[in-house]
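Here's the structure, in structure tokens; my notes come after.
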Amino acid sequence: MNAYVALPRAINTGKRKVLKEDLLGVAQDLGFREAKTYLASGNLVLWGDQPGGTALEARLEDALEARMGLRAEFMVRDPADLRAIIDANPFPAEAADHPSHLIVTFMKTPLPADDEEILRAAISGPERFAALGREIYTDFPISMADSILDREWKKTKRTPLGTGRNWNTVLKLAEMIGA
């Protein structure tokens, strides 16, 4: 049986509310044997015989739209992906010191080099980030609320197709799927 973490982008923010029951219904609609949610941000943990990857992302997006009339992008990772993400963390000391301020942004594709340059240019405080594969690790040592990084990024009108989770959540999701 395969296990996956499915991370929807931009739900349960503003008017884009998706209930736990609806997410579990999407999993049921797709034939997963078991599904659980973790926290209100829409983290969905799935177990079944279905293949993963971009095909599963598209199936989840279509199923959510069919069920609720809401289109949201999903980023899917399997246990090996999550283990690699944890092992590749470029900020291990920060993860130990302030795990809720270390954010992993899960992307559909790797960050293009020109987008990385825009992000680097937007940093004027103590924030640091590293783009590795389809993930961006961002350390906010003081406060995410006080960071201008996100505001400057939004001014560029370039929004990467991704969704962020703090280090505590990444570790919990990995534990849930045995990564």
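Stretching the chain fully between ARG33 and ARG83 yields a gain of 15.7 nm (0.36 nm per residue, less the alpha carbon separation).
Under the criterion of Cα pairs below 8 Å and six or more residues apart, the relative contact order for region 81-176 equals 40 percent. Close amide H contacts of LYS17 (hydrogens built in the peptide plane, cut-off under 5 Å, sequence separation of 5 or more or a different chain): ASN12. Dipole of the chain computed with +1 at Lys/Arg Cβ and -1 at Asp/Glu Cβ about the Cα centre; of ASN12, MET144, THR163, farthest Cα towards the positive end is ASN12. Take every Cα pair under 8 Å whose residues are at least 6 apart in sequence, average their separation, divide by the length of the chain, and the relative contact order is 24 percent.
Its Cα centre serving as origin, region 81-176 has a Cβ charge dipole (Lys and Arg +1, Asp and Glu -1) of approximately 380 debye. For the chain, leaving out every one of the trypsin sites (Lys or Arg not before Pro) that falls in a DSSP loop and has at most 13 other Cβ atoms within 10 Å, the longest unbroken run is 72-156. In order along region 33-43, the Karplus-derived 3J(HN,Hα) couplings, from 6.51 cos²θ - 1.76 cosθ + 1.60 at θ = phi - 60°, round to 5, 8, 8, 9, 10, 9, 6, 7, 7, x, 4 Hz, and Gly and Pro are given as x.
The relative contact order of region 2-80, computed from alpha carbon pairs under 8 Å that lie at least 6 residues apart in sequence, is 41 percent. Taking the C-alpha atoms only, the angle from helix 113-122 to the longest principal axis of the chain is near 60 degrees. By definition, a body whose alpha carbon gyration tensor gives a ≥ b ≥ c is oblate when a/c is 1.5 or more and a/b is not larger than b/c, and region 81-176 fits this oblate description.
In order along region 46-56, the Karplus-derived 3J(HN,Hα) couplings, from 6.51 cos²θ - 1.76 cosθ + 1.60 at θ = phi - 60°, round to 10, 10, x, 8, 5, x, x, x, 5, 5, 5 Hz, and Gly and Pro are given as x. Going by alpha carbons, how many degrees (0 to 90, nearest 10) lie between the helix axis of 167-176 and the longest principal axis of the chain? Helix 167-176 and the main axis of the chain meet at about 30 degrees.
Rule-based calculations on the coordinates, nothing more; no lab input. Predicted, not measured: the structure shown is a model, and the values here were computed from it. Virtual Cβ from ideal backbone geometry, glycine too; neighbours counted across all protein chains shown.
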